[in-house]
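Heads up: the structure comes next, in structure tokens.
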Amino acid sequence: MAKKNHLYQEILQRLFRCQYRFGDRILVKEIGEEMGVSRHPIMTALYKLQERGFVTITAQVGCEVVTPTPESIQDFYRMFALTEGLIAELAANRASAAEIARLRLINAQIEALDPADPANADAYRQLNVAFHTALHAMAQSPLVCGRQLANFELSDFFIVQTCGFGAHLDHVAGEHQAVIDAIAVRQPEQANAAAREHIDSVSRTVAAALGARPESA
């Protein structure tokens, strides 16, 4: 089980690093020779990635990274936004003052990043994970948040494969702040709307970048 999880994480990180791009073939034999593992655990990892939307496996053909359309990206983010809105709504009802302060601190670190510096893109990604992880903990709903975690992985994949994390950096702190402010004054509906708008904003950036990519990219 540990080996299968390691393979899953390794291939996932390659997707995040754009070592595999949209439409690329993922060769099981190549991974097996490189990592010294048999076909079975590799296929187990790839089937898990398929279940989560990263790749497509076709019998007698092989495995390739998905090539989503702008419409499918928008459909995904609509679902993603609705769930994140619910999480923010729950957080507005359940968060402690200390948790809200923690969220403010993380967002202040994001706001301090210079959007013009490409080196800050990875730092933003890590801080963004920390922000939403803290927000999810405030909701106190492990079942909902556990499912949303898989959506965050797929969203991160879409971002790195299209616009990159730096593309949204000049907007994100303000969008996060709107969520924090609504939670702080215990306004669940306002928190829901702010969280949905944040994810919708990311969706627009990703879909626009995907639509602008040349067919050969």
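The values are calculated or read from the model by the stated rules, or taken from the named source; none is laboratory data. From a predicted model like this one, the values you see are computed outputs, not experimental measurements. Note: ideal-geometry Cβ built from the backbone for every residue, glycine included; neighbour counts use all protein chains shown. Accessible surface areas use protein heavy atoms only, side chains included; no ligands, DNA or RNA. Shrake-Rupley method; radii C 1.70, N 1.55, O 1.52, S 1.80 Å.
Of note:
- Qualifying position, being in contact with a Pro (Cβ under 8 Å, 6 or more places away or on another chain) and of a type outside the set (Ser, Thr, Tyr), among Leu169, Leu127: Leu169
- Matching entry among Ile31, Ile11, Ile57 (being in contact with a strand residue (DSSP E or B) (Cβ under 6 Å, 6 or more places away or on another chain) and either surrounded by 14 or more Cβ atoms within 10 Å (Cβ to Cβ) or part of a helix (DSSP H, G or I) (or both)): Ile57
- Every residue from the stretch 34-54 that is surrounded by 11 or more Cβ atoms within 10 Å (Cβ to Cβ), out of contact with any strand residue (DSSP E or B) (no Cβ under 6 Å at 6 or more places or on another chain), under 23 Å from Tyr77 (Cα atoms) and without any contact (Cβ under 8 Å) to a residue 40 or more places away in the chain: Tyr47
- Of the residues examined, Ala182 is one that is assigned to a helix (DSSP H, G or I), of a type in the set (Gly, Ala, Ser) and within 15 Å of Ala91 (Cβ to Cβ).
- Criterion violated by Arg125 - all others in (1) farther than 18 Å from Asp200 by Cα; (2) out of contact with any Leu (no Cβ under 6 Å at 6 or more places or on another chain) satisfied: (1)
- The set of residues in the stretch 65-79 that are open to solvent by less than 80 Å² (accessible area, probe 1.4 Å), touching a Phe, Trp or Tyr at 6+ places or on another chain (Cβ under 9 Å) and not in a helix (DSSP H, G or I) comprises Val65, Val66, Pro68.
- Put simply, of Leu103, Leu82, Leu90, Leu86 the only residue that is in contact with a Ser or Thr (Cβ under 6 Å, 6 or more places away or on another chain), under 17 Å from Ala182 (Cα atoms), part of a helix (DSSP H, G or I) and aliphatic (A, V, I, L, M) is Leu90.
- Complete set of residues in the stretch 154-195 that are more than 17 Å from the chain's Cα centre (by Cα), open to solvent by less than 40 Å² (accessible area, probe 1.4 Å) and β-branched (Val, Ile, Thr): Val179, Ile180, Ile183
- So Leu169, is it touching a Phe, Trp or Tyr at 6+ places or on another chain (Cβ under 6 Å), farther than 16 Å from Gly85 by Cα and at pLDDT below 95: yes
- Pairing residues of the stretch 173-195 that are closer than 16 Å to Phe131 by Cα with residues that are of a type in the set (S, T, N, Q) and assigned to a helix (DSSP H, G or I), at Cβ distances under 7 Å and at least 6 apart in sequence or on separate chains, gives Ala173/Asn107; Glu175/Ser201; His176/Asn107; Gln177/Asn107; Ile180/Asn107; Ala182/Gln190.
- A count restricted to the stretch 115-153 and to residues that are open to solvent by 80 Å² or more (accessible area, probe 1.4 Å) and either in contact (Cβ under 8 Å) with a residue 12 or more places away in the chain or assigned to a loop (DSSP other than H, G, I, E, B) (or both) stands at 6.
- Inspection of the stretch 80-93 finds a residue satisfying the criterion of being farther than 20 Å from Ala130 by Cβ, at pLDDT 95 or above, of a type in the set (Asp, Glu) and open to solvent by 10 Å² or more (accessible area, probe 1.4 Å).
- Of the criteria (1) closer than 30 Å to Phe22 by Cα; (2) charged (D, E, K, R); (3) touching a residue at least 24 places away in the same chain (Cβ under 8 Å), which one Arg204 fails: (3)
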